[in-house]
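Okay, structure first, notes after.
The values are calculated or read from the model by the stated rules, or taken from the named source; none is laboratory data. Computed from a predicted model, the values in this text were never measured in an experiment. FYI the Cβ positions are ideal-geometry reconstructions off the backbone, even for glycines, and counts take in every protein chain you see. Please note that ligands, DNA and RNA were not included when accessible areas were found on the heavy atoms of the full protein model with its side chains. Shrake-Rupley method; radii C 1.70, N 1.55, O 1.52, S 1.80 Å.
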Amino acid sequence: MSSSTDAQRMDKIVSLCKRRGFIFQSSEIYGGLNGAWDYGPIGVELKRNLKNYWWRVMVHEREDVVGMDGAILTHPEVLTASGHVEGFSDPMIDCRSCKAHLRLDQLIEKKGVKQCPNCGGKDLTEARQFNLMFETHVGAAADESSIAYLRPETAQSIFVQFKNILEVSRKKLPFGIAQIGKAFRNEINPRNFTFRSREFEQMELEYFCRPEQGMELLEYWKEERLKFYENIGISRSKLYVLTVPNEERAFYSKGTYDIEYEFPFGRQELEGVAYRTDYDLSQHQKASGKSLEYFDEETKQKFIPHVVEPSAGVDRTVLALICEAYAEDEAPDEKGKMETRIVLRFHPRIAPIKCAIFPLLKNKEPLVAKAKEIVDLLRPHMYVFYDESGAIGRRYRRQDEIGTPFGVTVDFETLGEKDAALRDTVTLRERDSMKQDRIAIKDLPSILISRIR
């Protein structure tokens, strides 16, 4: 695709997200809060399905991983020990012409001269370090003794609780601690819709191991994470693995992979898989004076475990799912005339609504009653939506636009009015192919569950 085509595609996706209740600008009626987003009724279901599936795959289906949920407010000594207080910053430049605040790496260069990407201005300030953490105060006094931070990543709460979780879970190396939670970074220039935000959510695993296992587990988790993305409907052809070169890796990392996705605005990182060695636990042991060592009962040795960290962005992955699912094709309207259909081809396990139920006519009480019986039948098993408003074709289109994979229509055949053999059967429509099959109502739960999973 050309850059103009990609930009048009992204504009359509952003418009759809607002129109259908996926994502809204935070505080929109007050002009919006830059870098913050609210998820609407459909978006929150998509986001929850993603997090639930990640938790199922990473925690519930494994013997070697447990979970935790750490506090957002973080003691300053935690972030001092981790290096965030001193080193968590970006070089920042101001354009004196258009007053834009920019990261140094956002400048463009023409004929060897650095320029502002917004106005082309060359009157730029010197670079200065800008700390990305949000600082706040805990308690009544607003002085240095009350300083705390909104955590810039979820990992540190895992490291500082490592010993407590090791003792209560009774796990042996290698084992992991998983967490899903909010993090906050005061980005200089949030951009690309929800991709780079000031408030975001992470799905993170710290997988602790012996030093000699680190590089092998780095490769293992890279492959596991690629499989995860394929299993939620992101094509392998759109995923790329970047081996982060030595000069760009964190100094404590022995190896890092970035898993990237081909967004309409370019190839960008979805997840990092890093071998962080024993740096974090060593730093916290040194700073706190508390032992964070692991005792190996077989060798009778104590040592600080090493760790491999797969860290994914929830909001970035939601955006990738929407971008991957967005499609336009042709479909007939009520009169058989072909029209453009917007459809989100979500994998059924991720789709916000699994099945929509429609009575053919809303003023035919037996049809409505039977449709509501089906809602009650399916609701314990999946999130369903009931819709009786408008022509049936319009109702299909509305569900196609939000990615609902299945539609059930209750018609006169369901009532046995035309053929007694079809009584208590319904039309099951498949979103992508628009194929329709006749299905017995009693078989609906098992058929839908098998197709969703």
From the phi of every residue in the stretch 425-432, what ³J(HN,Hα) in whole Hz does the Karplus formula 6.51 cos²θ - 1.76 cosθ + 1.60 yield, where θ is phi - 60° and glycine or proline is x?
10, 9, 8, 9, 9, 9, 4, 6
The stretch 19-44 to the stretch 100-136: how many Å between their Cα centroids?
28 Å
Please state the shape class of the stretch 230-386: rounded when a/c is under 1.5, otherwise prolate if a/b exceeds b/c and oblate if not, all from the C-alpha gyration tensor.
oblate
In nm, give the distance between the simple-model label positions of TYR30 and GLU135, each being 7 Å from the Cα along the Cα-to-Cβ direction.
2.3 nm
Just to check I understand the Karplus step: with θ = phi - 60° and J = 6.51 cos²θ - 1.76 cosθ + 1.60, what whole-Hz values come out for the stretch 15-31, glycine and proline as x?
4, 4, 4, 6, 4, 9, x, 7, 9, 10, 5, 5, 6, 4, 5, 9, x
Report ILE13's accessible area, 1.4 Å probe, all protein chains in place, as a number in Å² to the nearest 10.
0 Å²
For a quick check: with amide H placed at 1.01 Å from N, whose amide H comes under 5 Å from PHE385's, ignoring anything fewer than 5 positions away on the same chain?
CYS355, ALA356, ILE357
State the antiparallel share, in %, of DSSP beta bridges confined to the stretch 294-453, rounding to the nearest 5.
70 percent
List the lysines whose Cα sits under 23 Å from the Cα of LYS238, skipping any in the same chain fewer than 8 residues away.
LYS12, LYS47, LYS51, LYS222, LYS227
No partner Cβ under 4.7 angstrom, meaning no disulfide-compatible partner by this rule: which Cys of the chain qualify?
CYS17, CYS209, CYS323, CYS355
Please compute the Kirkwood hydrodynamic radius over the stretch 145-263, one decimal place, Å, based on all pairs of different Cα atoms.
16.9 Å
Would you work out if the stretch 209-258 is rounded, prolate or oblate? Take a ≥ b ≥ c from the square roots of the eigenvalues of the alpha-carbon gyration tensor; rounded if a/c is under 1.5, else prolate when a/b is larger than b/c, oblate otherwise.
oblate
Report the local net charge at GLN179: Lys and Arg +1, Asp and Glu -1, summed over other residues whose C-beta lies under 9 Å from its C-beta.
-3
Going down the list LYS122/LYS182; LYS337/LYS362; LYS18/LYS110; LYS172/LYS290, which pairs span over 31 Å between their C-alpha atoms?
LYS122/LYS182; LYS18/LYS110
Quick one: which residues, 5 or more positions from GLY176 or on another chain, have an amide H under 5 Å from its amide H? H modelled 1.01 Å from N in the peptide plane, none for Pro or chain starts.
VAL65, VAL66, PHE208
Can you order the peptides 57-63, 308-314 by their average number of other Cβ atoms within 10 Å per residue, highest first?
308-314, 57-63
Treating each Cα of the chain as an identical point scatterer and ignoring solvent, apply the Debye formula and state log10 I(q)/I(0) at q = 0.07, 0.13 Å⁻¹.
-0.46, -1.23
Sorted by mean Cβ packing within 10 Å, highest first, what order do the peptides 276-286, 433-443 take?
276-286, 433-443
Compare the peptides 296-304, 111-119, 153-161 by average per-residue count of other Cβ atoms within 10 angstrom and give them in order, highest first.
153-161, 111-119, 296-304
Treating only the Cβ atoms of Lys and Arg (+1) and Asp and Glu (-1) as charged, compute the dipole magnitude of the stretch 267-316 about its Cα centre; round to the nearest 20 debye.
200 debye
